[in-house]
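The values are calculated or read from the model by the stated rules, or taken from the named source; none is laboratory data. In this text, all values refer to a predicted model and were calculated from it rather than measured experimentally. Here the Cβ positions follow ideal geometry from the backbone for every residue, glycine too, while neighbour counts run over all protein chains shown.
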Amino acid sequence: MIDPTIVGKRITNSTPFTVDQVSITSFCRAIGEQDDSFAPPTFTFTFIIAAFEESLQNAGVDWTRMVHGDQRFEIREPIKAGDRLTLSSTVESVRSAAGNELVSVRADIERDGREIIQAWSTLVVRG
């Protein structure tokens, strides 16, 4: 069972990371996107999953039973090669449904101190 006291837990990475063109191009090729002048929205999941794992560390999440349930984005500015980003993640909710546990996590992505993307994911721990 997932510990409900993790709701509200926020983790912020202390070191900004730089997005490179090779990563964007590789991701675009993998999903069949021709335009690699900016990162597709789902590119963010390549680095926010680690933040989600850190947020849920020691919360009773069985990662062997985890599937990705839902995802949505609010994009103010796209990610481009050379961007130095910081990332925070917050556990927004934990609930049970149909024998499964659902965890909603929000990621806030900033460039130069300005929030450019918010991404929400619902992670499902199968019962």
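Summary of values
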read-out	value
Subset of the stretch 80-127 [charged (D, E, K, R), assigned to a strand (DSSP E or B) and either at pLDDT below 90 or under 15 Å from ILE11 (Cα atoms) (or both)]	GLU92, ARG106, ASP108, GLU110
Residues of the stretch 19-50 classified as of a type outside the set (Val, Ile, Thr) and farther than 18 Å from ASP83 by Cα, total	6
Lone unmet requirement of (1) at pLDDT below 80; (2) more than 20 Å from ILE2 (Cα to Cα) for GLN57	(2)
Single unsatisfied condition, ILE49 versus (1) more than 15 Å from the chain's Cα centre (by Cα); (2) without any contact (Cβ under 8 Å) to a residue 12 or more places away in the chain; (3) within 23 Å of PRO4 (Cβ to Cβ)	(1)
So GLY32, is it surrounded by fewer than 17 Cβ atoms within 10 Å (Cβ to Cβ) and either closer than 29 Å to GLY127 by Cα or acidic (Asp, Glu) (or both)	no
Where VAL91 falls short, out of the listed (1) of a type outside the set (Ser, Thr, Tyr); (2) crowded, with 17+ Cβ neighbours inside 10 Å; (3) over 19 Å from PHE47 (Cβ atoms)	(3)
Flag if THR25 is within 18 Å of ILE109 (Cβ to Cβ), surrounded by fewer than 17 Cβ atoms within 10 Å (Cβ to Cβ) and of a type outside the set (A, V, I, L, M)	no
Residue within the stretch 95-112 that is of a type in the set (Ser, Thr, Tyr) and either crowded, with 17+ Cβ neighbours inside 10 Å or at positive phi (or both) present	yes
ILE24 among the β-branched types (Val, Ile, Thr) and in contact (Cβ under 8 Å) with a residue 40 or more places away in the chain	yes
Condition met for THR44 (in a helix (DSSP H, G or I) and surrounded by 20 or more Cβ atoms within 10 Å (Cβ to Cβ))	yes
Residue selected from the stretch 44-103 under the condition hydroxyl-bearing (Ser, Thr, Tyr) and in contact with a strand residue (DSSP E or B) (Cβ under 6 Å, 6 or more places away or on another chain), by the criterion farthest from VAL22 (Cα to Cα)	SER93
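Yes/no per residue for (1) farther than 18 Å from GLN118 by Cα; (2) in contact with a helix residue (DSSP H, G or I) (Cβ under 7 Å, 6 or more places away or on another chain); (3) among the hydroxyl-bearing types (Ser, Thr, Tyr); (4) not in a loop (DSSP other than H, G, I, E, B):
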position: ASP36; (1), (2), (3), (4): yes, yes, no, no
position: ILE49; (1), (2), (3), (4): no, no, no, yes
position: GLU54; (1), (2), (3), (4): no, no, no, yes
position: VAL61; (1), (2), (3), (4): yes, no, no, no
position: HIS68; (1), (2), (3), (4): no, no, no, yes
position: ARG72; (1), (2), (3), (4): no, no, no, yes
position: GLU77; (1), (2), (3), (4): no, no, no, no
